[in-house]
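Every number in this text was worked out from the coordinates using simple rules, so none of it is lab data. Note that the structure is predicted; figures quoted are calculated from it, not measured. Note that each Cβ is placed from the backbone with ideal geometry, even for glycine, and that neighbours are counted across all protein chains shown.
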């Protein structure tokens with residue numbers, strides 16, 4: 001996806017959440033007022049995807065979606081998703097190993113030979 005496509009997809013998703021009764025259930029005017037941004041920049045964002053970062057943050061905060069945005073980028077000190085997957089696979093492989101078989105007693109071996 002190009003940057004413009006990503007911006008338009010994000011704008012469409014935010015608009016869908018804004019109008020949905022299961023989402024924010026707001027009009028453009030309600031959101032503009034609650035977020036503190038102008039109605040014109042909000043309309044432009046929903047139409048083109050163009051927005052400043054500050055206005056996007058204000059919109060997400062007004063719709064109570066900011067927590068998801070803030071956690072979008074993982075902590076730099078956390079392991080990468082590939083490292084987490086490799087560790088899980090290593091643990092699963094370790095768990096699947098069979099326990100060594102118990103050695104037969106000398107008496108059982110002698111009986112088996114007879």
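A compact table of results
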| item | result |
| --- | --- |
| Normalised alpha carbon radius of gyration of segment 1-84 [divisor 2.2 N^0.38 Å] | 1.22 |
| Förster radius 30 Å - calculated FRET efficiency between residue 34 and residue 92 (Cβ-Cβ, nearest 0.05) | 0.05 |
| Net length gained if the chain between residue 67 and residue 52 were fully extended (0.36 nm per residue, minus Cα distance) | 3.6 nm |
| Extended-chain gain in nm, criterion 0.36 nm per residue less alpha-carbon gap, residue 1 and residue 20 | 4.3 nm |
